[in-house]
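This report concerns only the one structure given below.
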Amino acid sequence: MKNLMGIDIGTTSLKGCVFDENGNELASVTKSYTLITDGERVEFPAEKYFELFEQAYEELSKKARIDAFAIDTQGETLIFLDKSGNPLMNAIVWLDNRAEKQAKAIEDKFGIKSVYERTGQTEIPAGYPAPKVLWLKEERPELFEKLDKILLLEDYLLYRITGKFVCERSLYASTLYLNVKTGEYWKEMLDFIGIDENYLPTLYESGERVGEYKNAVVCTGALDQISGFIGSGIIEEGTISEMTGTALAVCALAKDVPPYFDGIKVPAYYVGKSKYCLLMWAPTAGMVMEWYKKNFYFDADYDKINEDAEKVPFGSEGLVLSPNMRGSVMPVNDPDLKGGAYGIDLKHTRAHFTRAIMESVACLLRRYLEYLQIPVNEVISIGGGAKSKLWRQIKADITGKKVVTLKNKETGCLGTAILAGYGSGVYKDINEAVSKIVERKDEVTPKAEKAEADTVYNRYLELEELLLQRKTL
């Protein structure tokens, strides 16, 4: 029996888990850290990422043997190395927006359509690597002259672990210099930002063996969202994942990058040959419930909140809410959009508002499913919101889809461990691993009448449209 470790490195914390090859969790560890922020700049010492990895590895190896491992990371965080392999400066974290001018220059040169058709990305934000490389060239030429390698976070850790400059393609779609259709670097973009392929690591697929570390096989991982995708058991079209945590994130698998159209909002991330992850998100959808609990339920726990909401009829007796309290990203990009409520009556209590929040997020989920325009048979529900059976039922009722939860909550670490198992020969393919490891815990099916669900959903769309138009209700 082989033990597999998955390391998941997010924006402010590292999570590591060791599983046996049947998916049973044997050990886990979490390491938190604080980013360095200064206005638009967000950084973290590159060496500290490796130190955190070493600490996590040591703690986990004392609890369970590690035979193979892989790492998944946040996207876009960038590390510049000199010829000795040392960082030229702190890692520039994905949240950093110092390269606004350079992002505009790239958009002016290539246009959104050309960028999307090659990289699958629907926008050119300052946080992406290509603008930051151009920033280094233009704003810090003395450092650019010393530049030898340009790495993302996973690449840097693999370099420190194996001594090799290697990377995997799923992390590179949002660099803006990977052609996700060919799986190779986009030369025209490299030429424009002033580098060639010698500055970049060798491209691999996710789940390929690249070395050894302390007698364990080291494999390539994936973008954190894609590792969570794999750990959720999504390996075929027709099933999507929805995570209601701070934000609402919806991931779907597609065989092709969808055709471009003006106003397209859904990026396509490389998963493998003829496999792409379509990703949609709402920044505050899940946060609204936490805000509401803190300000209106005070010390009550979520059991009490669910208990109250369960007493309210489907449709919240005419009360409808919008959860976009800090702007909308998709399918309409409106950073100034605020949340709203309509239909408030004297009969409404705080329990009605609780249920209306749940229904609003469910309506947003349906909005995303309809926008994706791909067949969906069922929804895998993960994140904090998945703990509420009532909320899952509401999502099933409004979307008309079966909603499923999973036994293992650490889907990111599990998906990365699966990649390690595949790369080290424990599993013959990802499908075999998923069928063996990913266990379903519970499922709910729609109970509401379709006409009733349509009424709730259409009222939500009406409120959203009024808010977008800034009309007085």
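General observations
- Other residues with beta-carbon under 14 Å from the beta-carbon of residue 184 carry, at +1 per Lys or Arg and -1 per Asp or Glu, a net charge of 0.
- Average accessible surface area per residue within the chain, 1.4 Å rolling probe, Å²: 42
- Anchor residue 407: aspartates and glutamates whose Cα lies under 17 Å away (excluding residues fewer than 8 positions away in-chain): 20, 21, 25, 242, 378, 439, 442, 443
- Note on residue 311 and residue 439: with the Förster distance fixed at 41 Å, the Cβ-Cβ geometry gives a FRET efficiency of about 0.80.
- Database remark: amide H of residue 210 closer than 5 angstrom to the amide H of 218, 219, 220 (H placed geometrically; neighbours at sequence offset of 5 or more, or on other chains; Pro and chain starts carry no H).
- Spin-label model distance (nm) - residue 51 vs residue 145, 7 Å beyond Cα toward Cβ: 3.1
- Length available on full extension from residue 302 to residue 109: 0.36 nm per residue minus the Cα-Cα distance, which gives 64.4 nm.
- Net charge of Cβ neighbours under 10 Å - reference residue 112; Lys, Arg +1; Asp, Glu -1: -3
- Aspartates and glutamates whose Cα lies under 14 Å from that of residue 62, excluding same-chain neighbours fewer than 8 positions away: 54
- For residue 91, the amide hydrogen comes within under 5 Å of the amide hydrogens of 44, 46, counting only partners 5 or more places away or on other chains and with H modelled in the peptide plane.
- Helix-derived mean residue ellipticity, 222 nm - over the chain, DSSP H n ≥ 4, -39500 (n - 2.57), to 500: -11000 deg cm²/dmol
- For segment 99-112, putting each phi into the Karplus relation 6.51 cos²θ - 1.76 cosθ + 1.60 with θ = phi - 60° gives couplings of 9, 4, 4, 6, 5, 5, 5, 5, 5, 5, 6, 9, x, 5 Hz, in residue order, rounded to whole numbers and with x for Gly and Pro.
- Over 18 Å apart at the Cα level, from the set 15/436; 304/401; 101/132, are 15/436; 304/401.
- Under the combined filter of DSSP loop state and at most 13 neighbouring Cβ atoms within 10 Å, segment 101-194 retains these GluC sites (Glu not before Pro): 145.
- Overall, the accessible surface of the chain at a probe of 1.4 angstrom is composed of carbon and sulfur to the extent of 47 percent.
- Cross-link pairs beyond the 30 Å C-alpha cut-off, checked among 83/187; 255/395; 48/338: 48/338
- Read-out semi-axes √(5λ) of the Cα gyration tensor in Å, derived from the coordinates shown; its label in (1) 42, 26, 20; (2) 52, 26, 17; (3) 38, 27, 20: (3)
- In Hz, Karplus ³J(HN,Hα) per residue of segment 70-84 (6.51, -1.76, 1.60; θ = phi - 60°; x = Gly, Pro): 9, 10, 10, 9, 4, x, 6, 4, 10, 10, 9, 10, 8, 5, 8
- Cys with no candidate disulfide partner in the chain (beta-carbon separation under 4.7 Å rule): 167, 219, 251, 277, 363
The values are calculated or read from the model by the stated rules, or taken from the named source; none is laboratory data. A quick note: this is a predicted structure, and the numbers were derived from the prediction, not measured. Using ideal geometry, Cβ is built from the backbone for each residue, glycine included, and neighbour counts are taken over all protein chains shown. The accessibility values were calculated without ligands, DNA or RNA, using every heavy atom of the protein model including side chains. Shrake-Rupley method; radii C 1.70, N 1.55, O 1.52, S 1.80 Å.
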